Amino acid sequence: MSRKVPAVVAVVVDGAVTGSYRYTTLEDVTGRDHVLSASTHYLAVPGAGAADIDTVVLRAGKSTTHVRTTLSQDGEPKVEALFLLGHLSAPSGAPSWTSARLQPVGIPYEDCLPHAPDTDRIPATLMHQIQLRMEPQSLEFYDGRPQGVGELRGWVSLPGGEDFDPVSLLFAVDTMPPATYDVAFSGWVPTLTMATYVRAAPAPGPLQFVMDATLIQGGRGDETCTVRDSTGTVVAQAHQLAGVRLP
C-alpha cells in the first residue's frame, strides 16, 4: 500500500531544514499509534515550501508496522526514512537492566543557564523557537573555551509550556547544539544519517539531554543523544553521522 501526502517544510537552520523537523513531518502521515524507531538518510537539503511525502507500508503485523517514506520537492527525493510503528506503553517501575555506559542524570533544570545563541554566530532560528537551558560547563564553547570532551548537557522545553509527546521526541533529539561544538566551534553541522529510538512516552515538563561525540574524522563526526523526561526516565535515544568542518 502506498500513498502520496502533501506537506509543508519549514526553514529552521540557515535556509535548510533540520533532521528532527523532517522526522516529525514524515511520521505525521504514517497512521499507527506511535513511532518506535526511525532511520533516515538525507539525500539533499530541502528548502522552504511545499513538499510531497510518499509512504509505502512494507509490512503490517499484529503489533508493529514497517513503513518507508520519501520526502520530495519538485520531483526530487530529499529524504528517505524507514519507520517502525506500534504502541508505546507508559513505563512502569525501573528498567529491567541498564548499562554502566548509560549517561547519568545531570544537574537540575533550575541550576542550568538559559541559552539563546546569537543568530550571527549560530544561524539556527530553531533555537529561538524552543527554550534551552545548558549546564554551565557546556556553555564554555560559546565563549571560545570548549572542554574538549565532546559532551553537552542541559534541558529543552517547548514554547508556551507545551508538553512533549512521542512524536515531538523525534524533534527533541536534534534541537540541541551539536556535541562537536565542545571540541571546536564549526558552524552548521548537517545531519547525513540519523537513527532514533523512542523508548517511552514522556512525562509532562522539560526534557533533559546529553549530547556525546566520540570521533571526528574525514570531515564527519558521530553524535549520540540521550533524552530523559522530568522523572529521569530515558524516553528517547538517537545516533547520527554529521558533516563537520573544523576551523
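Being of a type outside the set (D, E, K, R), in contact (Cβ under 8 Å) with a residue 24 or more places away in the chain, buried (at least 17 other Cβ atoms within 10 Å of the Cβ) and farther than 21 Å from I130 by Cβ, is that true of even one residue in the stretch 204-211?
no
Out of the residues in the stretch 72-99 that are assigned to a strand (DSSP E or B) and of a type in the set (A, V, I, L, M), which is nearest to P204 (Cα to Cα)?
Among residues in the stretch 72-99 that are assigned to a strand (DSSP E or B) and of a type in the set (A, V, I, L, M), the one nearest to P204 (Cα to Cα) is L85.
Going by the structure shown, is Q137 in a helix (DSSP H, G or I), more than 16 Å from the chain's Cα centre (by Cα) and of a type outside the set (D, E, K, R)?
Here the answer is yes, as Q137 does meet what is asked.
How many residues, within the stretch 96-128, are surrounded by 12 or more Cβ atoms within 10 Å (Cβ to Cβ) and at pLDDT below 70?
Of the residues in the stretch 96-128, 9 are surrounded by 12 or more Cβ atoms within 10 Å (Cβ to Cβ) and at pLDDT below 70.
Collect the residues in the stretch 149-182 that are over 11 Å from the mean Cα position of the chain (by Cα), in contact (Cβ under 8 Å) with a residue 60 or more places away in the chain and either buried (at least 24 other Cβ atoms within 10 Å of the Cβ) or within 11 Å of E223 (Cβ to Cβ) (or both), keeping them in residue-number order.
G150, E151, F164, T180
The values are calculated or read from the model by the stated rules, or taken from the named source; none is laboratory data. Because the structure is a prediction, the values reported are computed rather than measured. Cβ sites come from the backbone with ideal geometry, for glycine too, and all protein chains shown count toward neighbours.
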